[in-house]
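S.K.: Quick one: this structure, given as structure tokens, is what I'll be asking you about.
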Amino acid sequence: MKQKKSAVQTKAKTTTAGSTVKVALLGFGTVGSSVARVLATSKFPGVQLTHIFNRSVERKRSSAAAKSVPASVVWTENIDDILKSDVDVVVELMGGLNPVEGWIRKALAAGKSVVTANKQLIAYRGTGLAKLAAQYNVHLLHGAAVAGGVPVITGMQQGLCGDQVTRLSGIVNGTCNYILSRMETGADYATVLADAQQLGYAEANPSADVDGYDARAKLCILSRIALRAELDPDAVSTQSIAAVEAIDFSYAKELNCTIRQISRAQVEGTLVHARVAPMLVPLSSPLAWSHGTQNMVVASGRFGGDVVFSGHGAGGEPTAVAVVSDLLAVAQGCKTVQLPVRRRSVTGEFLAPHYLRFVVDDKPGIVAAMYSVCSRLIVSS
Ligand SMILES: NC(=O)c1ccc[n+]([C@@H]2O[C@H](COP(=O)([O-])OP(=O)(O)OC[C@H]3O[C@@H](n4cnc5c(N)ncnc54)[C@H](OP(=O)(O)O)[C@@H]3O)[C@@H](O)[C@H]2O)c1
């Protein structure tokens, strides 16, 4: 009770009083170093980078990426130097749940606002962390957690909150889109995956991307904001793109379609139908036009119809733009619209166009046998 009283008395510091908001970066990797560069280049008034935290920090301090960092910044590998400092906003760009969640909780409880690009953290722990931020009267923003530099979260949170969004459909994993859109021109999966790894688009272990886990975390974040539905990410069915072969694109083309990893969620009564899978996409759909690492999300609203968000879904600088935009919003005390969110059960059952490709022995009667099995399973051809 005592703790709650002191918590609500905390007030997120803003630049509106003409003071400076002090910022710490947790993580000086691809996005963290880009955020430092954007801040140094743009010199936003009232925002000052004061601390950078990373393990083995000397390695980071002496890197080429550190050249844009002001000499006054304190570099540290001790998280308490941040948590016990007078920093106002912690920008978390390390990724993962552990140890990040514990540190973010401590930062919020210490009265520091938090900006993060961490989709796993927000998909699995976002609701609890948002309550903690509200309890301590500070901000928690995560605009970069879905679609990198595309302002899909802020667009839905602010621009579409007046609609009743009933369906989300989109491409939210740039790695899969790069792989599938290159396979469209005849390249095989293994070659394109190796290229994606060399270009830094895919991890050495690509499972999180190609098996759909990264996309389903993002789909759950978007569902919470746009559909106002809290989903358990582990309940959302995923299907890997690794089984797609170059030949599938030829058959898809005969159906006037291509193939993309699609993340889809739709409200049906009390249920949400949600799934991440390689799906047939009509060539006339805007989703078929997105190539390379581009992301695209279509939100379908009851009153406003379809709204499309599209752009660079990944990369240090595009993602840094979303992070810095959140940072400026926090620094200026901007309030985000909050509407009630309900926990919903998830089903992966969708009525969607499919095609089946059979590899069979060339024997008499084989086609008739396949028809018979298909009609028994009520599949039309
Ligand atoms: N890259 C993108 O395009 C993109 C787009 C949207 C969102 N994001 C999100 O942004 C976040 C950062 O991504 P990134 O691509 O910048 O990753 P990254 O290049 O791997 O950078 C992460 C940094 O955090 C440090 N770090 C990680 N765990 C740590 C720990 N336990 N203690 C201390 N330091 C730690 C790493 O140090 P080491 O160098 O020692 O590993 C590294 O410097 C992630 O949540 C990611 O999902 C990234």
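S.K.: Per q in 0.14, 0.19, 0.23, 0.26 1/Å, what log10 I(q)/I(0) does a Debye calculation on the alpha-carbon atoms of region 334-381 return?
M.R.: Results for region 334-381 at q = 0.14, 0.19, 0.23, 0.26 Å⁻¹ read -0.59, -0.82, -0.98, -1.09.
S.K.: Which of the aspartates and glutamates could be linked to LYS43 by a straight reach, that is with a Cα gap under 18 Å, when you skip same-chain ones fewer than 8 residues away?
M.R.: Partners found: ASP88, GLU317, ASP326.
S.K.: Could you please state, rounded to a whole Å, how far the C-alpha centre of region 133-159 is from the C-alpha centre of region 163-242?
M.R.: Taking the Cα centre of region 163-242 as reference, the centre of region 133-159 is 20 Å away.
S.K.: Tell me the carbon and sulfur percent of the accessible area for the chain, rounded to whole percent, probe radius 1.4 Å.
M.R.: 54 percent
S.K.: Is region 259-381 best put as rounded, prolate or oblate by its Cα gyration tensor, with a ≥ b ≥ c the root eigenvalues, rounded for a/c under 1.5, and otherwise prolate when a/b is larger than b/c, oblate when not?
M.R.: Prolate shape, in that a/c is at least 1.5 and a/b is the bigger ratio.
S.K.: Going down the table (LYS67/LYS131; LYS67/LYS218; LYS22/LYS60), which pairs top 26 Å between alpha carbons?
M.R.: Pairs exceeding the cut-off: LYS67/LYS131; LYS67/LYS218.
S.K.: Scanning the chain for trypsin sites (Lys or Arg not before Pro) in DSSP loops with at most 16 other Cβ atoms within 10 Å, what's the longest stretch left with none?
M.R.: With a cap of 16 other Cβ atoms within 10 Å, the longest stretch comes to 85-227.
S.K.: Where does the longest stretch of the chain lie that holds no chymotrypsin sites (Phe, Trp or Tyr not before Pro) found in a DSSP loop with 13 or fewer other Cβ atoms within 10 Å?
M.R.: Counting only loop sites that pass the neighbour cut-off, the longest clear stretch is 1-302.
S.K.: Give me the three principal axis extents of region 228-276 from the C-alpha atoms, as integers in angstrom, largest value leading.
M.R.: Its Cα atoms span 38, 21, 12 Å along the three principal axes.
S.K.: Moving on to the next point. Sorted from largest to smallest, which semi-axis lengths in Å does the alpha carbon gyration tensor of the chain give for its equivalent ellipsoid, taking the root of 5 times each eigenvalue?
M.R.: One finds semi-axes of 42, 24, 17 Å for the chain.
S.K.: Now for a different question. Can you return the aspartates and glutamates within cross-link range of LYS253? Criterion is Cα-Cα under 17 Å, with same-chain partners fewer than 8 residues away left out.
M.R.: GLU184, ASP188, GLU245
S.K.: Hey, another quick one. Using the Karplus curve 6.51 cos²θ - 1.76 cosθ + 1.60 with θ = phi - 60°, what ³J(HN,Hα) values do you get for each residue of region 271-276, in whole Hz, with x for Gly and Pro?
M.R.: 9, 10, 8, 9, 6, 10
S.K.: Let me ask another. Place a point 7 Å from Cα of ILE247 in the direction of its Cβ. Which residues in region 177-197 have their backbone N less than 15 Å from it?
M.R.: The answer is 186-189, whose backbone nitrogens lie closer than 15 Å to the label point.
S.K.: Have a look at the DSSP beta bridges in region 227-328 and tell me what percent are antiparallel, nearest 5.
M.R.: Once the DSSP bridges in region 227-328 are tallied, antiparallel ones form about 90 percent.
S.K.: Here's a follow-up. Could you give the nm distance between label points at ALA369 and ASP86, where each point is 7 Å from its Cα heading toward the beta carbon?
M.R.: Each label point is offset 7 Å from its Cα along the Cβ direction, giving 8.1 nm.
S.K.: Only sites in a loop by DSSP and with at most 16 other Cβ atoms within 10 Å count here; which GluC sites (Glu not before Pro) in region 232-268 make the cut?
M.R.: Sparse-neighbourhood loop GluC sites (Glu not before Pro): GLU245.
S.K.: Now for a separate question. Given springs between every Cα pair under 10 Å in a Gaussian network model of the chain, which of ALA368, ALA277, ALA65 has the largest fluctuation?
M.R.: Of the options given, ALA368 has the highest mean-square fluctuation.
S.K.: Another question about this same structure. Mind checking which of THR41, THR116, THR30 has the largest fluctuation in a GNM of the chain, springs on alpha carbons under 10 Å?
M.R.: Largest GNM mean-square fluctuation: THR41.
S.K.: Related question: Counting heavy atoms of the protein chains only and a 1.4 Å probe, report the per residue accessible area for the chain as a whole number of Å².
M.R.: Spelled out: the 1.4 Å probe surface of the chain, per residue, equals 49 Å².
S.K.: Once Lys and Arg get +1 and Asp and Glu get -1 on their Cβ, which of ASN98, GLY111, GLY126 lies farthest toward the positive end of the dipole of region 65-145?
M.R.: Sorting the options by dipole projection puts first GLY126.
S.K.: Karplus couplings for region 159-166 from phi (6.51 cos²θ - 1.76 cosθ + 1.60, θ = phi - 60°), rounded to Hz, Gly and Pro as x?
M.R.: x, 10, 5, x, 9, 10, 6, 10
S.K.: Could you estimate the translational diffusion coefficient of region 158-221 from the Stokes-Einstein equation, with Rh from the Kirkwood formula over C-alpha pairs, at 25 °C and 0.890 mPa s, in whole µm²/s?
M.R.: 184 µm²/s
S.K.: Could I ask something else about it? Given only helices, namely DSSP H runs of n ≥ 4 each adding -39500 (n - 2.57), what is the per-residue ellipticity at 222 nm of the chain, to the nearest 500 deg cm²/dmol?
M.R.: Mean residue ellipticity, 222 nm, calculated: -9500 deg cm²/dmol.
S.K.: Also: For ASP361 and GLN164, FRET efficiency with R0 = 56 Å and r from the beta-carbon atoms, rounded to 0.05?
M.R.: After rounding, the FRET efficiency stands at 0.60.
S.K.: Sticking with this one: I'd like to know which of PRO206, VAL35, VAL192 lies farthest towards the positive end of the charge dipole of the chain, counting +1 on Cβ of Lys and Arg and -1 on Cβ of Asp and Glu.
M.R.: It is VAL35.
S.K.: Something else about it: Looking only at ALA134, ALA215, ALA71, which one moves most when the chain is put into a Gaussian network model with springs between Cα atoms under 10 Å?
M.R.: Among ALA134, ALA215, ALA71, the largest mean-square fluctuation in the Gaussian network model of the chain belongs to ALA71.
S.K.: Out of residues 5 or more away from THR258 or on other chains, whose amide H comes under 5 Å of its own, with H placed 1.01 Å from N in the peptide plane?
M.R.: Placed amide hydrogens put VAL281, LEU283 under 5 Å from THR258.
S.K.: Right, next: Can you find, among ALA320, SER263, VAL359, the residue farthest towards the positive end of the dipole of region 249-381? Put +1 on the C-beta of Lys and Arg, -1 on that of Asp and Glu.
M.R.: So the residue furthest toward the plus end is SER263.
S.K.: Out of the DSSP beta bridges found with both residues in the chain, what percent are antiparallel (nearest 5)?
M.R.: 55 percent
The values are calculated or read from the model by the stated rules, or taken from the named source; none is laboratory data. All figures in this text were calculated on a predicted structure; none of them were measured in a lab. Cβ atoms come from the backbone with ideal geometry, glycine included; neighbour counts cover every protein chain shown. Side chains are part of the model used for accessible areas, which takes the heavy atoms of the whole protein and leaves out ligands, DNA and RNA. Shrake-Rupley method; radii C 1.70, N 1.55, O 1.52, S 1.80 Å.
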